[in-house]
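J.: Just passing along the structure, written as structure tokens.
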Amino acid sequence: MGSRYRWFTEKKLGFGLLKLRLWQPTGESASAVGPTITAATRLHSFCSLPSSDPNDLPKLEPSNDADSVAKLLLHHHNPFHAMESSLQLHGISLSRDLLHQTLLRLKHNSKIALALFHYAKQLPNPPLTSASYNLLVDIVAKVRQYDVAWQLILEMESFGLAPTSTTFLILIRRLISAGLTRQAIRAFDDIETLVGTKTTSGDFHFLLDTLCKYGYVRVAAEVFNKRRNGFRPDVKMYTVLVYGWCKIGRIDMAERFLRDMVERGIEPNVVTYNVLLNGICRHASLHPEERFQRTIRDAEKVFDEMRSRGIEPDVTSFSIALHVYSRAHKPQLSLDKLKEMREKGICPTVATYTSVVKCLCSCGRLEDAEELLYEMIGDGISPSAATYNCFFKEFRGRKDVEGALKLYRKMKEENLCMPSVHTYNVLVGMFLNLNRSEIVREIWNDMKESGTGPDLDSYTMLIHGLCEKQKWREACQFFVEMIEKGFLPQKITFETLYRGLIQSDMLRTWRRLKKKLDQESITFGSEFQSYQLKPYRR
């Protein structure tokens with residue numbers, strides 16, 4: 001098996017072997033570009049997961065012991081000394097659950113997670129399971145240490161464990177997210193050799209789904225065409241490919257795969273048509289009017305084809321159409337479509353109602369929007385923060401202080417809905433611009449007490465607003481609070497505060513602030529170094 005591993009890493013991946021003790025992370029992998037389909041229409045909500053599911057890992061759960069171990073390792077880790085000494089000195093014994101929960105808390109600190117795992121392997125009775133290895137493979141592969149991931153997979157046998165399809169699918173997902181599609185396909189081919197079982201249709205479905213999710217639909221289509229004989233094509237596989245082509249804007253190819261599916265005797269279902277409908281509608285240009293009319297005609301053709309096959313459009317189908325009307329600012333058409341849904345016995349969801357409320361608010365029809373809101377609550381559907389944000393944005397545009405405050409306080413007093421951080425940011429920005437500092441303070445304190453925020457955007461907006469009003473001391477206070485919480489300020493925030501303090505002859509304040517920044521620079525590492533400020537001349 002060792003020779004098999006050397007051949008794989010040297011010939012296929014081309015990565016040098018690294019020792020576990022000396023391994024250094026090279027940074028986070030590129031963030032995944034999520035599907036453009038809304039949560040209500042997301043493909044995974046309708047298609048059952050494959051038999052081996054890489055998402056089926058231990059979940060983060062409350063654990064004081066795991067919190068303590070993770071904090072100990074994060075605060076006392078020394079790269080020049082073995083971590084084992086810290087654990088032994090504190091008399092900590094690792095159980096399987098404690099190891100899993102601690103690894104989950106160290107998922108963004110892969111080097112420390114790997115050192116903890118190495119310590120666990122040296123215990124008299126190692127608390128290791130396949131799930132432990134799967135967790136660590138996911139952690140190290142996320143930072144693109146694929147050679148280390150392969151070492152972990154191959155050493156499982158020495159602990160009486162065997163890699164499963166799930167182990168490989170975790171690695172495959174990380175390879176694809178980094179753009180290493182060829183290596184991912186080769187890893188898929190190695191499942192049968194190293195696991196000892198044949199890959200299933202569920203595994204193949206996952207490979208296609210992941211390729212499409214990250215935008216590699218052409219690779220997915222090539223893999224599907226070459227290997228379809230080994231796996232019996234079904235509606236799930238075709239739906240994934242239709243989704244993939246829609247994701248990159250190739251509606252013509254999506255329709256071609258739909259026709260191919262029908263010609264092969266595979267009946268599309270409502271999910272397949274919703275994916276196609278979403279592709280046609282979601283990012284279509286709706287202005288001028290001719291483009292909107294063309295999009296609606298194309299959408300109606302999909303509705304007609306569904307009905308001709310005996311498939312009734314569901315709430316997702318109507319929600320997609322309503323989203324188009326909302327984007328095109330067609331309030332009456334939105335209300336008519338909502339009425340049609342109800343007449344067909346289809347119950348609108350919170351997302352459906354929110355699309356119509358958003359359309360009514362953006363068109364200035366606040367009274368109609370409020371009436372629909374009460375109707376929604378009467379139907380037993382609780383509005384979301386996004387629903388209320390539609391009102392707050394319209395109040396902001398109108399500079400309607402009373403309307404915004406009345407709705408905000410009603411939300412709090414009647415526990416209608418927990419405001420999101422975006423809700424708080426909209427309100428803070430609105431009242432900052434209107435110079436209502438006492439209301440800003442109230443909302444800011446509410447946000448902190450709720451635990452929802454503040455986030456980086458909250459601090460950035462508040463600091464810039466205070467700088468515009470030349471409230472330098474308050475701006476500095478929130479700036480220090482921001483960096484103490486671990487938020488790396490944007491460069492423009494640095495420069496705005498720096499220029500303002502110098503121009504206001506507050507050089508001593510700037511020096512104190514700069515000293516604090518230097519103390520916190522270790523938190524931000526190399527990113528902080530790009531924010532060197534040149535001497536400023538007034």
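The values are calculated or read from the model by the stated rules, or taken from the named source; none is laboratory data. Only a predicted model underlies this, so the values are computations on that prediction, with no experimental measurement involved. Glycine also receives a Cβ, built like all others from the backbone with ideal geometry; neighbour counts cover every protein chain displayed. All accessible areas refer to the heavy atoms of the entire protein, side chains included, with ligands and DNA or RNA removed. Shrake-Rupley method; radii C 1.70, N 1.55, O 1.52, S 1.80 Å.
J.: Any chance the stretch 430-441 includes a residue that's at pLDDT 95 or above, in a helix (DSSP H, G or I) and closer than 25 Å to residue 327 by Cα?
T.: Yes, there is a match, as at least one residue in the stretch 430-441 is at pLDDT 95 or above, in a helix (DSSP H, G or I) and closer than 25 Å to residue 327 by Cα.
J.: Would you mind stating whether residue 255 is assigned to a loop (DSSP other than H, G, I, E, B), open to solvent by 30 Å² or more (accessible area, probe 1.4 Å) and either in contact with a helix residue (DSSP H, G or I) (Cβ under 9 Å, 6 or more places away or on another chain) or at positive phi (or both)?
T.: So residue 255 does not fit the description; no.
J.: While we're here: I'd like to verify a number: residues in the stretch 180-238 that are outside any helix (DSSP H, G or I), open to solvent by 60 Å² or more (accessible area, probe 1.4 Å) and modelled with pLDDT of 95 or more, how many?
T.: Count: 1.
J.: Let me ask something else about it. Right, residue 457: open to solvent by 20 Å² or more (accessible area, probe 1.4 Å) and within 30 Å of the chain's Cα centre (by Cα) or not?
T.: For residue 457, the condition - open to solvent by 20 Å² or more (accessible area, probe 1.4 Å) and within 30 Å of the chain's Cα centre (by Cα) - is met.
J.: Sticking with this one: Tell me whether the stretch 335-343 contains one or more residues that are within 29 Å of the chain's Cα centre (by Cα), in a helix (DSSP H, G or I) and without any contact (Cβ under 8 Å) to a residue 40 or more places away in the chain.
T.: No, every residue in the stretch 335-343 fails to be within 29 Å of the chain's Cα centre (by Cα), in a helix (DSSP H, G or I) and without any contact (Cβ under 8 Å) to a residue 40 or more places away in the chain.
J.: What is the one condition in (1) within 19 Å of residue 325 (Cα to Cα); (2) at pLDDT below 95 that residue 361 does not satisfy?
T.: (2)
J.: What are the pairs with Cβ atoms under 7 angstrom where one residue, in the stretch 236-259, is in contact (Cβ under 8 Å) with a residue 40 or more places away in the chain and over 19 Å from residue 206 (Cα atoms) and the other, located anywhere, is among the charged types (D, E, K, R) and open to solvent by less than 40 Å² (accessible area, probe 1.4 Å)? Sequence gap at least six, or different chains.
T.: Close Cβ pairs satisfying both conditions: none exist.
J.: Next up: Got a sec? Which of 298, 368, 314, 336 is open to solvent by 50 Å² or more (accessible area, probe 1.4 Å) and under 30 Å from residue 257 (Cβ atoms)? Spell out the reasoning first.
T.: Working: 368 fails: under 30 Å from residue 257 (Cβ atoms); 314 fails: open to solvent by 50 Å² or more (accessible area, probe 1.4 Å); 336 fails: under 30 Å from residue 257 (Cβ atoms).
Matching residue, one of 298, 368, 314, 336: 298.
J.: Ok, one more. Among the residues of the stretch 344-373, how many are of a type in the set (Lys, Arg) and not in a loop (DSSP other than H, G, I, E, B)?
T.: Number satisfying all stated conditions: 1.
J.: Given the conditions (1) under 24 Å from residue 240 (Cβ atoms); (2) surrounded by fewer than 20 Cβ atoms within 10 Å (Cβ to Cβ); (3) in contact with a Ser or Thr (Cβ under 8 Å, 6 or more places away or on another chain), which single one is not true for residue 291?
T.: Residue 291 satisfies every listed condition except (1).
J.: Return only the number of the condition from (1) at pLDDT 95 or above; (2) in a loop (DSSP other than H, G, I, E, B) that residue 287 does not satisfy.
T.: Looking at each condition in turn, residue 287 falls short on (1).
J.: Moving to a separate point now. Can you tell me which condition residue 485 does not meet? The list is (1) under 29 Å from the mean Cα position of the chain (by Cα); (2) farther than 17 Å from residue 513 by Cα, and all the others hold.
T.: Tallying (1) under 29 Å from the mean Cα position of the chain (by Cα); (2) farther than 17 Å from residue 513 by Cα, residue 485 fails exactly one: (2).
J.: Of everything in the stretch 130-179 that's of a type in the set (D, E, K, R) and touching a residue at least 12 places away in the same chain (Cβ under 8 Å), which residue is most open to solvent (accessible area, probe 1.4 Å)?
T.: 157
J.: Also: Would you mind finding the one in 474, 449, 495, 484 that is touching an Asp or Glu at 6+ places or on another chain (Cβ under 8 Å) and free of Cβ contacts under 8 Å to residues at least 60 places away in the same chain? Let's see the steps before the verdict.
T.: Values: 474 fails: touching an Asp or Glu at 6+ places or on another chain (Cβ under 8 Å); 449 fails: touching an Asp or Glu at 6+ places or on another chain (Cβ under 8 Å); 495 fails: touching an Asp or Glu at 6+ places or on another chain (Cβ under 8 Å).
Just one listed residue meets the conditions, 484.
J.: Now for a different question. Scan the stretch 254-286 for residues that are within 23 Å of residue 324 (Cβ to Cβ) and among the basic types (Lys, Arg) and jot them down.
T.: 282
J.: Right, here's the next one. Scan (1) within 30 Å of residue 220 (Cβ to Cβ); (2) surrounded by fewer than 22 Cβ atoms within 10 Å (Cβ to Cβ) for the single condition residue 126 breaks and write down its number.
T.: Result: residue 126 passes all but (1).
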